Structure formats: structure tokens, C-alpha cells
Amino acid sequence: MKIRRFAMLIVAMAVGTSAMAQSLDIDQRVEELLQKMTLEEKIGQMNQVSAGYQAIDAISNGQVGSILNVVDPVEINAVQRAAVEKSRLGIPLLVSRDVIHGFRTIFPIPIGLASTFDPALVERGARVAAIEATASGVRWTFSPMLDIARDPRWGRVAEGSGEDPYLDIQMGVAMVKGYQGDNFADPTCMAACVKHFVGYGAAEGGRDYNTTMISERALRNVYFPAFKACIEAGALTLMTSFNDVDGLPSTGNDWLLRNVLREEWGFDGMVVTDWNSSGEMIAHGFADDLKDATKISINAGVDMDMMSYGFIQHAKALVEEGKLSEQTIDAAVRNILRLKFRLGLFENPYVDESLARKVAYAPEHLAAAKQAAIESAILLQNNDNVLPLAKGSTILVTGPMADAPYEQLGTWAFDGEEQHTVTPLKALGAHFNVINVPTLTHSRDKSTANFKGAVRAAKKADAVVVFVGEEAILSGEAHSLSDLDLQGAQSELIAAMRSTGKPVVVVVIAGRPLTIEQDANNCDAILYSFHPGTMGGEALADLLAGVAVPSGKLPMTFLRDAGQAPFYYNHPMTGRPNNGSETLLNDIPMKAGQTSLGCTSYYLDTGYGPWLPFGYGLSYTTFEYSNLTLDKSVLNKSDYIHIDFDLTNTGEREATEVVQIYVRDLVGSVVRPVKELKGFMRVTLKPGETKHLMYDLPVSDLAFWNRDMEYVVEPGKFQLWVAGDSASGEPLDFIVK
Ligand code: BGC
């Protein structure tokens, strides 16, 4: 044993020494190259454009450091040849693309990936994306999006991991590892870009690009952690956000980009703006003109300009006028060149043009995408165990999302091809006798024309499965909504199906949490699938038939009504919490006294709680938690909280439960969240099986940024829950000394 450890130590030292030598070597190469560069060539490296062939002259002249949105390997090689063989110094281009949830094989949208609570699977998905995209020559993706999203009106909830910082960290790190792999210089390594730094998801009113007001403490406790964790995991690049935080647009915020990112976190990767976010500081009223915006951005710590053209047009003059120092430019260019050396682009600039088509949609890629779609679906309701449906039974399949190959790919599926998509309608035939009556051509369709035909057909079926939701265009960037009910006549369709008296199963395929509580009253079961991607149809068919069992959990709170937004489970404690004694509108007596309702924090119409809590999700079986104990009730800051419990599958099917661990810090120097997720694990149990489970939670994980803006564990009383969602279970008490 001892010998093995010693050998491992020598190996670790050797690996460490060679990594250090490699980075010294890279730093030296960066310096040597930098010495040879003219100011114009340096500024050229800082310029990113959305173009291929059209930019070939500028590339040959050393005026472009990176391109985006070109995915044809022939075109990529052609522009790369211009950079490597025609430009004076032969510096290769960095080719980038929004590969957000798959390249050709499309995985569930990120909020769906988060619903899996399965980081290993998410990492595998990101690896698949990297293999397919790098085979086309794309070596840099603008993912993961780490923006905490607490308001489902914001369309970009589709692209992130939801409302919880801990889940955000696990998913973000998994994606970074998957994209980048183990070796940056490997041709399948695709550099990750953590975005949008920072606070973009806190847009007021959930309206995209809107202003935000986030305190430094909230930034540090809620919005920063996933960025910091991903950087520690090796994320190579970072993107600034469009929004301002407390009046400062991120692209011009030197405190964020220099003090926090570089000095505190030691980031030595590259910082890119969001699309024209430098130029947009003019519209913000934060810069006079593009020249001013350029000066502000570069001085704030931006390395590369995406699509404002300000750097290429104005940086040289700014240096000549003394408004920008050449040292500042050099520092930015170092970050860009370091990335290019790390990715091995100088040694390996070209791509094998025949590779892309060979690796796209490989069987193992499709299998991973199907598994992700299975694990991402969340069972919200299953009255009388109507699901799974009996195999071989006759089902009526209807609704706008039943056969919508393009729509089920979701937002940011630029390179997914709908002809490769398996829709539910295509897949259900393997398990059921399917009657299909199309109703509503798309999710906004208001025409009830075919409803009667569907009602008639339902008479011949054992059950009805209605596929509703949102088309891809209704979520994602710039697609905010103020009303989150089902669009068009979809609720009417569900009600019409209810009137048939047959069991009604609703499958929602959407880009965000919708407010469907009223529809839940018109059906027996609801399976929620955030746009599930290429293999969504097979995944959903397997789930409906019981070949697979749902295990997904909600990564965001599901609201009763959009008016409750923003609503998140881990909100700070209020001074007047509602303890379930809410008097709702219809129960208020006439001329009730002003204070007679109790003066607690709730809505008179929707009450206090949401429809469904964060972490919620049913299965085709039931689970029971028991014998929860902590080994100590008084702990030191350096201890681990050793948690023991039993989990029993009390139903009749093998299934997987996502066990969740929550903590509450009862008294703090600042108001603390009512609960915080601190750990989770996926546990698979056979029918009737009980497993004794353990989890060691470091007390140091209870640290937060306190009143003195120090990251500490404050001594005091805590509570801990182990449960299947954020609203269940009984807490155990413990004390930290
Ligand atoms: C988005 C980014 C994206 C970029 C490049 C912007 O509009 O906000 O997330 O990476 O475009 O396409």
C-alpha cells in the first residue's frame, strides 16, 4: 500500500513538473511572438468577427484573431490557411460557435440537463458535443451559461441550470470538463467559455437585457460561485454580460474583470465581450461613442471584442493618444496567444475535412442524448398511476408538439438537423397502437378546428396523450414572456380531451417552467420535458411505456402564476414568514379589518407557496427516507458532517431517486436563505430494496460572505434535511462551534 502511494506521488510530481514545464514553455513562446508583433497585429488578435470567406483579406492582413459562426470544415481550413500561410506572423485563428447543448446530436436544453442532477451524464454530453464540433474545426464554444435564473419569464432560463448555485456549479463544471477533456492540445478539446459574467439572469421583470441591481454580497454568495468553480476546473475563457449591475455594464466593469477575476481568482484565460456588448455601452449611456466604448472595455480588462469592430477601428489611435497603454494591449494579447498555444493551434491548425460527417450522430452519441432526454424528463403528476401506459394499448396521440422535429431541438440548436430528430409520434409506434389526429399546427395556434375529430378518435383509444408546450422560438435569448400559461388553444385542447372520459396524459415539451397548474386539473398525468433534443421522441416513448422510469427533478420552482416571479426556494428569510395560515381572496369577509388577515408574506390570490418546489419530481415507484442521523450534533469548522440514512424503494419498479441534502443556517450576521442545497446523489433501488447511505458534508461548505464581506462559516445553529425535494422531510439540528 505504502509503495503504491509513493509511486503515485512520483507520478503526480512528474505530471506536475511536466505541466509546469509546458506552461513555462507556452509563456516563453507567447513572449517571443509578442516581441515580433506590431501594434496593429496585436490589435488584430483582439478582433473577433462573424465571418468566414468574407473576412479572408482581413485575416490575411492579420486583422482578425477569431471567427465565429462558420462550421463548414472546408471554409474553416480556407480561412485558417489565410491566417497561417498568408498573414505575416502566421498566427492561427480561433474558430468559435455557440455549441450549447450539442452540435449535430442535440441534447436536452441546459435547463433539461440540469433536471437530470447527473453531472457525469452532462459531462458525457459535453464531450460528445466537443467531438462533433471539433471534427468540423470548431475549437471554442460559448458555453456553459452559468447565469442563475430565478424568473421563468426570462427566456434564457432555457440555457442555464436554473435557480440554485450548488446545482449550477455541478452542471457548469461537468460541462467544462466535458468540452475541454483532459488535454487542451488534443484536437477534440473545445475551449469552454463561462458566461455571462455577471448577473445577466437577474434582469428586472425577467425581460432580457434589462438592468439588474445585485449587491456585492449577493454576487459573491449567489452569482459568482459557479464562475469561480468553473475557473478552478480549468475553464479557458469567460464572456462578459450585456447587462449592467448597479449601473456598471459588465464589459466596462474593471472591478469585476480585474479585481475579482484576475486578482482574486487568478484567472489566466481569455475574456471576450458578448456580441457587441462593448458597442452597446453607447446605448447604455455609459460611453460616448465606439472609441470611448473601446477604451472603457480594454481598460476594464476585456481581451477580445466580439462584433463591435471598435477595437480594430479605434485601439491604435487610443494608444497613440495615450488613452490606452500598450502594456494593457500586451496583457490582453498574451491571454489570447496563451489560449492558442494551449489548444495546440500552432502545431495543428487544420481539420481533416472528411471527419465531421463521420462522427456526427455516432450511435454512442445518440445513445447518450437519449439517456439525457430520459433522465431530464420530470414526472409532475400521476393520478392513480395512470403512467406508465400498458404496452400494446391503443393511444390517441395529438397536440402541436407530438411531431415537431425542429421545435423539440430547442433554442441554440444551430447545427442540429431536424431530419435526424426522432419525434414522439415516430417513436411511440414501437410500444403502442397509435391513432394520430393532428391538432394545433404549432403552440400558438388558436384554431380548434380538429378538436372534434380528436374527441371522436379518443373514443376508440384506451388513453389520450397530448403533446403541448412551446416552440423553440418562444424561449432562449431575447424571448421573454410576461404570461407563462400555455399559448394558443393548448389548454382548451387538454380540456377537450378531458371531456372524453379517457385517461389523459399531458406531455409538456417547453423551454421554461410554464404555469400549468390549471391544466393539471384537466388531466391525470403530466410528464415535463424541457426541449429534449434529437432523441427526445424515443426517450419520451420509453418513459410513457415504462421501459424507462422518470427520475428528473425540477431545477427551478414551478409557479402558480407568472405574477409570483421571481420565486426561488432558497430565498432569504423574511421577518413575517407565512406559516400556512393564508386567507385567500374568496375567504376575506366584507369590511375585514386592515390587519385581520394576519400580516404575513403571501399573495391574496395565489397564496404563499409555488405550485411545485425546486427539486420536485415523481417516479413510477415511491421512496421512503428513514433513520436519518448525524454522527455529531456539535461540530468544529474543520469537521465533516457525517450523514447516515436509509432509503427504501416502497413501490414495484426499479427506479432512481435523486437524494437531496439541504441546510439552513438559522442565525447569521446577515439574513440567510431559508434552505440551501448542499449535496445530491442519484441512487438506484430495486423494488422493496433498502440501502443504507452515507454522505460527508464538510462544515466548510456552510461558509458564505458575511456582514464583514468575509467568506466564513459563522458559528451557531443549523438544520439539515435529506429529502426528495426542497419542501419535504424533517430537519435535524446541529451546532457549529
Ligand atoms: C449571446 C451569447 C452568444 C453570442 C454569440 C449573444 O447574443 O448573448 O450568449 O454566445 O451571442 O453568438
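All of the numbers you see were taken from the coordinates with simple rules; none came from a lab. Given the structure is predicted, the values throughout are model-derived calculations rather than measurements. Because the Cβ atoms are built from the backbone with ideal geometry, glycine has one as well, and the counts that use them run over all protein chains shown.
Annotations for the structure displayed:
- Cross-link pairs beyond the 32 Å C-alpha cut-off, checked among K686/K737; K340/K637; K228/K553; K553/K591: K686/K737; K340/K637; K553/K591
- Shape index of the range 118-195: Rg/Rh, with Rg the Cα radius of gyration and Rh the Kirkwood radius from the inverse mean 1/r over Cα pairs, equals 1.01.
- Cross-link partners of K502 among lysines, defined as those whose alpha carbon lies under 22 angstrom from its own and excluding same-chain residues fewer than eight positions apart: K391, K452, K459, K460.
- Modelled label reach - Y361, point 7 Å along Cα→Cβ, the range 406-449 residues with backbone N closer than 11 Å: 417-422
- Here the range 541-626 has an Rg and Dmax of 17.9, 57 Å, counting Cα atoms alone.
- Here's how it looks for L94: its modeled amide H is under 5 Å from those of S66, I67, which are all 5 or more places away or on a different chain.
- Overall, the ratio between the Cα radius of gyration of the range 623-736 and 2.2 N^0.38 Å, rounded to two decimals, is 1.15.
- Principal axis box of the chain, alpha-carbon based, largest edge first, Å: 77, 70, 62
- Mean sequence separation of contacting Cα pairs (under 8 Å, at least six apart), scaled by the length of the range 367-545, corresponds to a relative contact order of 37 percent.
- In plain terms, the chain from E232 to V74 could stretch by 53.3 nm, reckoned as 0.36 nm per residue minus the Cα-Cα distance.
- Around K195: net Lys/Arg minus Asp/Glu count, Cβ-Cβ under 12 Å: -4
- D_trans [Stokes-Einstein, Kirkwood Rh over alpha-carbon pairs] for the range 238-383, 20 °C, 1.002 mPa s, µm² s⁻¹: 119 µm²/s
- Rounded to 10°, Cα long-axis angle of helix 310-320 versus longest principal axis of the chain: 40 degrees
- Efficiency of FRET from Cβ geometry, C599 and T394, R₀ 41 Å, rounded to 0.05: 0.15
- Cross-link reach is defined here as a Cα-Cα straight distance under 27 Å, omitting same-chain residues fewer than 8 places apart; for K323 the lysines meeting it are K36, K42, K291, K295.
- Residue (of T574, Y53, I435) at the positive-pole extreme of the chain, dipole from beta-carbon charges: I435
- Estimated vicinal HN-Hα couplings, Hz - the range 720-737 in sequence order (Karplus 6.51, -1.76, 1.60; Gly, Pro = x): 9, 10, 10, 7, x, 7, 7, 10, 10, x, 10, x, 9, 9, 8, 10, 10, 7
- With the cut-off at under 18 Å, measuring from each backbone N in the range 209-243 to a point 7 Å along the Cα-to-Cβ line of V712 picks out 217-218, 220-221.
- Considering only beta bridges that DSSP places wholly inside the range 367-545, some 15 percent are antiparallel.
- Gain in span if fully extended, N61 to D182, counting 0.36 nm per residue against the direct Cα distance: 40.1 nm
- Gyration tensor verdict on the range 67-215 (Cα atoms; rounded if a/c is under 1.5, prolate if a/b is larger than b/c, oblate otherwise): prolate
- Here the spin labels are modelled as points 7 Å beyond Cα on the Cα-Cβ line, and at R444 and T38 they lie 5.1 nm apart.
- C-alpha long axis of helix 2-36 to longest principal axis of the chain, angle in °: 50 degrees
- Note on the range 462-568: Kirkwood radius taken over Cα pairs, Stokes-Einstein applied at 25 °C and 0.890 mPa s, translational D equal to 166 µm² s⁻¹.
- Ordering H442, H101, H692, H365 from the fewest to the most neighbouring beta carbons within 10 Å gives H692, H442, H365, H101.
- Neighbour counting of Cβ atoms within 10 Å sorts the residues E85, E280, E40, fewest neighbours leading, into E85, E40, E280.
- Each part gets one Cα centre, and for the range 270-346 versus the range 47-78 those centres are 18 Å apart.
- With both labels modelled 7 Å from their Cα along Cα-to-Cβ, the Q518 to E85 distance reads 6.4 nm.
- Overall form of the range 191-321 per C-alpha gyration tensor (a/c, 1.5; a/b vs b/c): oblate
- Counting only the Cα atoms, the range 367-545 fills a convex hull of 101 Å³ per residue.
- Antiparallel DSSP beta bridges within the chain, as percent of all bridges there, nearest 5: 55 percent
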